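Peer 1: Let me begin by handing over the structure; questions about it come next.
The values are calculated or read from the model by the stated rules, or taken from the named source; none is laboratory data. All values derive from a computational prediction rather than experimental measurement. Counting neighbours? That spans all protein chains shown, and the Cβs are built from the backbone with ideal geometry, glycine included. We work out accessible area using only protein heavy atoms, side chains counted, and drop any ligands, DNA or RNA first. Shrake-Rupley method; radii C 1.70, N 1.55, O 1.52, S 1.80 Å.
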Amino acid sequence: MAESKSNGSKPKTQAKRATTEAKKSAVKTAKASKRAATKTAVAEKNQVQAVVESAVDVPVGAVLAVSDRVSELVEPWTDRSKAERQIKSYRSNLRKSLKRTERRGSTARRKAISEARKTRNQVEREARNRRRNVETTLKRNRSEVEQRVRKAIDEQTSRATGVVGTVSSQLASIR
């Protein structure tokens with residue numbers, strides 16, 4: 001009779017252990033997925049930040065180049081009308097260059113914003129998919145473990161009932 005008690009509790013303990021291990025495994029998987037998604041998002045953010053910085057650096061570099069050209073214009077000329085013509089030419093070229101630089105800066109900024117949006121949407125979509133996959137796996141594993149535990153309990157209950165029936169019939173035959 002002592003054997004039937006120990007046989008009945010041992011599989012229950014094993015079933016509990018299996019359930020606990022399955023839960024821990026599912027939690028570890030979820031944490032790993034979350035870490036991977038976070039790592040990817042940080043890398044993407046750094047890449048976008050570099051692109052944005054370069055888009056800002058272009059206009060600053062252009063301003064410095066213009067400043068250098070203006071410094072070269074300061075040198076004295078002997079003929080006033082010639083100097084005025086030269087200045088007009090420089091102004092015209094400066095306006096053209098400034099417009100070109102502005103267009104390039106605007107294009108670079110728009111591209112950077114577009115890439116940042118695209119990257120953000122991609123990272124968010126990937127994170128949602130990973131989360132959905134982890135949740136699905138957790139649900140599937142949980143239901144599978146619950147089914148196994150129920151089956152183990154049913155088997156042990158039927159074994160215990162069989163043992164009790166056998167012992168009862170043996171006791172009845174002894175009496």
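Peer 1: Taking the stated definitions as given, is Val27 out of contact with any Leu (no Cβ under 8 Å at 6 or more places or on another chain), surrounded by 11 or more Cβ atoms within 10 Å (Cβ to Cβ) and over 30 Å from Val149 (Cα atoms)?
Peer 2: no
Peer 1: All but one of (1) open to solvent by 70 Å² or more (accessible area, probe 1.4 Å); (2) part of a helix (DSSP H, G or I); (3) modelled with pLDDT under 80; (4) over 30 Å from Arg125 (Cα atoms) hold for Asn93; state the number of the condition that does not hold.
Peer 2: Of (1) open to solvent by 70 Å² or more (accessible area, probe 1.4 Å); (2) part of a helix (DSSP H, G or I); (3) modelled with pLDDT under 80; (4) over 30 Å from Arg125 (Cα atoms), only one is false for Asn93: (3).
Peer 1: Any residue that is open to solvent by 70 Å² or more (accessible area, probe 1.4 Å), in contact with a Ser or Thr (Cβ under 9 Å, 6 or more places away or on another chain) and among the acidic types (Asp, Glu) - is there at least one of those in segment 134-148?
Peer 2: The answer is yes, given that some residue of segment 134-148 is open to solvent by 70 Å² or more (accessible area, probe 1.4 Å), in contact with a Ser or Thr (Cβ under 9 Å, 6 or more places away or on another chain) and among the acidic types (Asp, Glu).
Peer 1: For segment 54-90, name all the residues that are part of a helix (DSSP H, G or I), among the aliphatic types (A, V, I, L, M) and at pLDDT below 75. Before the answer, list the steps.
Peer 2: Initially, segment 54-90 is screened for residues part of a helix (DSSP H, G or I), giving 54-73, 80-90.
Going one step further and asking which of them are among the aliphatic types (A, V, I, L, M), we end up with 55-56, 58, 60, 62-66, 70, 73, 83, 87.
Hits for segment 54-90 are Val70, Leu73.
Peer 1: Next question, about the same structure. So is Ala116 within 30 Å of Val52 (Cβ to Cβ), part of a helix (DSSP H, G or I) and open to solvent by less than 100 Å² (accessible area, probe 1.4 Å) or not?
Peer 2: The answer is yes for Ala116.
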